[in-house]
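Student: A single structure is presented below for examination.
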Amino acid sequence: MTTGKYDHITDQELLEKFYADRNNEWLGILLQRYTLLLLGVCMKYLKNEEEAKDGVQQVFLKAIQELQKYKVEYFKSWLYMVAKNHCLMKLRDKHGKIATELNNETIPAPEETDKKKLQQTDHTLDLMESSLQELNTEQQQCVTLFYLQKKSYSEISEATGFSMMQVKSYIQNGKRNLKILIEKKLKEEMNQ
Amino acid sequence: MRENLKDILSHLTTDIDQETLLLYLQDKLPEDKKHEVEKKLVDSEFAGDAMEGLQQFSDKHQLSYTVEMLNRDLKKKTEKKKQRRQKLVLKDQSWLYLAIFILLLLIVISYLIIHRMLQS
């Protein structure tokens, strides 16, 4: 399934190679890296295995066409947006629903580890410990088991009785709330 | 254990390779590896969405075959254009050779005609 000899080349380098000689084979190698993810995204929105497969093929075509027209900076985020847009358009055609199309300006740059925050380790960890206590019981329980005790979703599900989807949601929301709480506390400290 | 709290603030940008993702879906990974994959899934919206969708497939063991088929189709699409382009280049060159040949032939014929006319 992997492209083997090209594994060491980054997405950006493959794109550069394509822009240099306009050989679509580079795009083929690049897009292959995301086939499984695209299949999953299409399935999530379209809820049909055959439509998901067709969706991936159409996303490939769309990507190949669009990449000829303009340069893309954050390929992975861009491809995700193309796939989501394709699915939303499909759903709109199917159900007549109004789907909001994302445009290039909304592509977020990939997030990087917030080094500054991590450098203030001890203080941040203190804040985190206190903030953890402020989460609701379910989020607190799942975040603790996941991040501190390094349990998998299935182990957490077994231990707590929550479904896998609930576990996932409690961890995601708990993580987001923790970040908000810490940022709030850091701001308050700055103002004092 | 306190140090593990740092993982909550960090944003792991490392990608999950497709093989690992498939093994995760087929429940073939040990618990610690599963946890590693899940940590990356929490951090990546793309991978998180994809996982949600992939879990809805009825036969997870068919997924690698499906991916293989999609990749094969993609390869055909990206190769075809290259071949077509190569054919076009060859075609263009053959026209060029033909034009040069005809031109040379015309020059020779013209020379012969003029030469004979001058002689007579």
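Student: Could you grab me the full set of residues in the stretch A:24-51 that are without any contact (Cβ under 8 Å) to a residue 24 or more places away in the chain and either at positive phi or more than 7 Å from every other protein chain (Cβ to nearest Cβ) (or both)?
Tutor: A:Trp26, A:Lys47, A:Asn48, A:Glu50 - these are the residues of the stretch A:24-51 that are without any contact (Cβ under 8 Å) to a residue 24 or more places away in the chain and either at positive phi or more than 7 Å from every other protein chain (Cβ to nearest Cβ) (or both).
Student: Still on this structure, please answer the following. Having 1 or more residues that are more than 23 Å from the chain's Cα centre (by Cα) and among the hydroxyl-bearing types (Ser, Thr, Tyr) is the bar; report the helices (runs of 4 or more DSSP H) wholly within the stretch A:135-192 that clear it.
Tutor: A:137-143, A:153-160
Student: Of A:Ala99, A:Ala83, which residue is at pLDDT below 80 and of a type in the set (Gly, Ala, Ser)? Steps first, answer last, please.
Tutor: Details: A:Ala83 fails: at pLDDT below 80.
Result: A:Ala99 is the single residue among A:Ala99, A:Ala83 that is at pLDDT below 80 and of a type in the set (Gly, Ala, Ser).
Student: Against the condition in contact (Cβ under 8 Å) with a residue 24 or more places away in the chain and either surrounded by fewer than 17 Cβ atoms within 10 Å (Cβ to Cβ) or in a helix (DSSP H, G or I) (or both), how does A:Lys5 come out, does it pass?
Tutor: No.
Student: Now a separate question. Exactly one of these conditions fails for A:Tyr74: (1) within 10 Å of another protein chain (Cβ to nearest Cβ); (2) of a type in the set (Ser, Thr, Tyr); (3) under 23 Å from A:Tyr19 (Cα atoms). Give me its number.
Tutor: Condition not satisfied by A:Tyr74: (1).
Student: I need the full set of residues from the stretch A:128-152 which are within 10 Å of another protein chain (Cβ to nearest Cβ), surrounded by 16 or more Cβ atoms within 10 Å (Cβ to Cβ) and either among the hydroxyl-bearing types (Ser, Thr, Tyr) or over 18 Å from B:Asp43 (Cβ atoms) (or both), in order please.
Tutor: Of everything in the stretch A:128-152, those that are within 10 Å of another protein chain (Cβ to nearest Cβ), surrounded by 16 or more Cβ atoms within 10 Å (Cβ to Cβ) and either among the hydroxyl-bearing types (Ser, Thr, Tyr) or over 18 Å from B:Asp43 (Cβ atoms) (or both) turn out to be A:Ser131, A:Leu132, A:Thr144, A:Tyr147, A:Ser152.
Student: Given the criteria under 19 Å from A:Ser154 (Cα atoms), at pLDDT below 90 and either within 8 Å of another protein chain (Cβ to nearest Cβ) or crowded, with 17+ Cβ neighbours inside 10 Å (or both), does B:Lys60 qualify? Give the derivation first.
Tutor: On the way: under 19 Å from A:Ser154 (Cα atoms): yes; at pLDDT below 90: yes; either within 8 Å of another protein chain (Cβ to nearest Cβ) or crowded, with 17+ Cβ neighbours inside 10 Å (or both): no.
It is false that B:Lys60 is under 19 Å from A:Ser154 (Cα atoms), at pLDDT below 90 and either within 8 Å of another protein chain (Cβ to nearest Cβ) or crowded, with 17+ Cβ neighbours inside 10 Å (or both).
Student: Given the conditions (1) modelled with pLDDT of 95 or more; (2) surrounded by fewer than 22 Cβ atoms within 10 Å (Cβ to Cβ), and given that A:Leu39 satisfies all but one, which numbered condition is not satisfied?
Tutor: All conditions are met except number (2).
Residue-by-condition table, conditions (1) surrounded by 16 or more Cβ atoms within 10 Å (Cβ to Cβ); (2) under 26 Å from the mean Cα position of the chain (by Cα); (3) at pLDDT below 90:
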site	(1), (2), (3)
B:Glu68	no, yes, no
B:Lys77	yes, yes, yes
B:Leu90	no, yes, yes
B:Leu103	no, no, no
B:Ile107	no, no, no
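Student: Test A:Glu16 against the criterion of being over 25 Å from B:Gly48 (Cβ atoms), in the same structural domain as A:His95 (by TED's automatic domain parsing) and part of a helix (DSSP H, G or I), and give yes or no. Before you say what the answer is, go through the steps one by one.
Tutor: On the way: over 25 Å from B:Gly48 (Cβ atoms): yes; in the same structural domain as A:His95 (by TED's automatic domain parsing): yes; part of a helix (DSSP H, G or I): yes.
Criteria met by A:Glu16.
The values are calculated or read from the model by the stated rules, or taken from the named source; none is laboratory data. No experiment lies behind these values; they were computed from the predicted model shown. As a convention, Cβ positions derive from the backbone with ideal geometry for all residues, glycine included, and neighbour counts pool all protein chains shown.
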